[in-house]
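Heads up: the structure comes next, in structure tokens.
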Amino acid sequence: MRRNVEVKARVRALAEARGAAERLLRGGPGELCPGELCPGELCPGEGHAQGTAQGQLLVQADTFFRVPRGRLKLRRTQVKGEDGRGELIFYERPDTAGPKLSSFTITPTADPDGLEAVLAQALGVLGVVRKERLLYLVGQTRLHLDRVEGLGDFLELEVVLRQEQSVQDGEHVARELLRALGVGEDDLISGAYLDLLLAKGQPGTGAEPPHCLPPAGQGQQS
């Protein structure tokens, strides 16, 4: 299985979070960059793969199935200019707030509709999470700004661990990024988006898409 260190947080002002992420990507090695990690996980301009400061917009629908342990979901992703694609994802992680290890396996599918029909018949469906996601790449971290139908706005970090890295290394990277983005401990949440929907009595099966993410702020790269 592959390994990430993940953390989710509520976002009170999505436009501000977006601006902070874009400033982080546009900044040089000395900006928003913890010295002990430079040149490393957080430092733009140091030879690490980066996304554009504008981010990549993804429209996703995750169908969760009933399984005896962990979580199993079928993800459909729409990317501008591309056909929709599907991925079957199984993952296990603690339902705690703050950075934590997520162990996962992903396999692509060319027939998400057919696969969903089989899994729904065999396992049953727990619910569906629909969201618009802005994806940024900051070193080894996938930074997501999510607008989730029925829930609101969130920030999620996925620190992709290298083989030689420990969970503690990933937690350190995640906490430094949270600090750079101005995310406090009180904003951190536990569990998955589906858990929050179910807690509200919403299975997440509505057909309406989420409202569009706010437009980019001033100074954004084209």
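Overview of values
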item: Distance (nanometres) between label positions extended 7 Å along Cα→Cβ at ARG179 and ALA110; result: 4.8 nm
item: Shape call, region 82-144: gyration tensor on alpha carbons, a/c limit 1.5; result: oblate
item: Extension gain from ALA199 to ARG69, taking 0.36 nm per residue of separation minus the Cα-Cα distance; result: 44.9 nm
item: Net charge dipole size for region 83-137 [Lys, Arg +1 and Asp, Glu -1 on Cβ; Debye, nearest 20]; result: 300 debye
item: FRET efficiency for ALA97 and GLN121, using Cβ-Cβ distance with R0 set to 35 Å, rounded to 0.05; result: 0.50
item: Ranked packing of 154-166, 131-143, most packed first, by mean Cβ within 10 Å; result: 131-143, 154-166
item: Potential extension, ILE89-GLN163 segment - 0.36 nm per residue separation minus Cα distance; result: 24.6 nm
item: Distance (nanometres) between label positions extended 7 Å along Cα→Cβ at SER190 and ARG3; result: 2.3 nm
item: Fully extended contour minus Cα-Cα distance, from ARG23 to LEU57, at 0.36 nm per residue; result: 10.5 nm
item: Estimated vicinal HN-Hα couplings, Hz - region 166-181 in sequence order (Karplus 6.51, -1.76, 1.60; Gly, Pro = x); result: 8, 4, 4, 4, x, 4, 5, 4, 4, 5, 5, 5, 4, 4, 5, 8
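Any read-out appearing in this document is the output of simple, stated calculations on the displayed coordinates, not a laboratory observation. Values in this document were obtained by computation on a predicted structure and should not be read as measured data. Neighbour counts run over all protein chains shown; Cβ positions are idealised from the backbone, glycine included.
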